[in-house]
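Participant: What follows is a structure written as structure tokens; I'll ask about it next.
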Amino acid sequence: MDMNIFGFMPALLPVALSPGASFTLVMNSALTGGNKGLLRTLTGTALGIYTHAFFIGLGITAVLISSPAAFAVLKVTGTVYLLWLGAMLIRSGITVNSGGLTGAKHSVTLKEAWLANVLNPKAILFYLTVVSQFAGAEGGVGNYLILASVHIVVMSIWLFAITQTLIFSAKKTNPLMLKKYVNIVGGMMLIAFSLHSLIY
């Protein structure tokens, strides 16, 4: 087992700590569903990360990337899915008003969080180009799953800390207005991330 966990950390931190699709979905879930929503989205995201680790360890990702047509289909599918999620968040934010949230809630499900991660081309490329450099000469599913576990722990600690701050802020301010702005801005960010992934 010649993987390099200590070398992996500096490469992981900018990715795990930067705003992205998972960050946006977690913010929405924390405000809409509290800690239960947060846990649901983190679990879905973690399963997505493990899916990437499993596929790259088996060599499936390399085969997929080697086919431009297959990767193009994946990019378009991922983009459309993230655009849909972004539109749902924006719609949820727009319909929030002082009268309440009836019919306006859209709390991200475990499946949606998993799909958002699995279909994200940037996540696929990150595991193929960056994580593979630290998995060791032999690689293997086990090494990738260990590195994925490190990724999940770092990401979860960061997102938990940020969302607890957000939940605390919601209690001190007008929670409906905070949900409105987080959903609208979050939806716009998801749309921007998805379009950037398609162009990149």
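The values are calculated or read from the model by the stated rules, or taken from the named source; none is laboratory data. For clarity, every value in this text was computed on a predicted model and none was experimentally measured. Glycine also receives a Cβ, built like all others from the backbone with ideal geometry; neighbour counts cover every protein chain displayed. All accessible areas refer to the heavy atoms of the entire protein, side chains included, with ligands and DNA or RNA removed. Shrake-Rupley method; radii C 1.70, N 1.55, O 1.52, S 1.80 Å.
Participant: Can you go through Phe6, Phe71 and tell me which one is in contact (Cβ under 8 Å) with a residue 24 or more places away in the chain and of a type in the set (A, V, I, L, M, F, W, C)? Please lay out each step first, then the result.
Facilitator: Details: Phe6 fails: in contact (Cβ under 8 Å) with a residue 24 or more places away in the chain.
Checking each option against the conditions leaves just Phe71.
Participant: Residues in the stretch 45-65: is at least one at pLDDT 80 or above, outside any loop (DSSP other than H, G, I, E, B) and farther than 30 Å from Ala137 by Cβ?
Facilitator: No.
Participant: Among (1) among the hydroxyl-bearing types (Ser, Thr, Tyr); (2) modelled with pLDDT under 80; (3) open to solvent by less than 50 Å² (accessible area, probe 1.4 Å), which single condition is Thr95 missing?
Facilitator: Going through (1) among the hydroxyl-bearing types (Ser, Thr, Tyr); (2) modelled with pLDDT under 80; (3) open to solvent by less than 50 Å² (accessible area, probe 1.4 Å) one by one, Thr95 breaks only (3).
Participant: Counting just the residues of the stretch 1-24 that are modelled with pLDDT of 85 or more and open to solvent by less than 10 Å² (accessible area, probe 1.4 Å), which one comes out farthest from Gly139 (Cα to Cα)?
Facilitator: Only one residue tops the list, namely Leu12.
Participant: Hey, another quick one. Cβ contacts < 6 Å: first residue in contact (Cβ under 8 Å) with a residue 12 or more places away in the chain, restricted to the stretch 112-125; second residue β-branched (Val, Ile, Thr), any location; separation 6+ or different chain. Result?
Facilitator: Close Cβ pairs satisfying both conditions: Ala113/Thr41; Ala113/Thr45; Asn117/Thr45; Val118/Thr51; Leu119/Thr77.
Participant: Here's another thing I want to ask about it. Which residues, taken from the stretch 31-63, are of a type in the set (A, V, I, L, M) and under 14 Å from the mean Cα position of the chain (by Cα)?
Facilitator: Leu38, Leu39, Leu42, Ala46, Leu47, Ile49
Participant: Quick check on my filter: what residues within the stretch 120-176 are in a loop (DSSP other than H, G, I, E, B) and either at pLDDT below 85 or over 11 Å from Ala53 (Cα atoms) (or both)?
Facilitator: Scanning the stretch 120-176 gives Asn120, Gly136, Ala137, Glu138, Gly139, Gly140, Thr173, Asn174.
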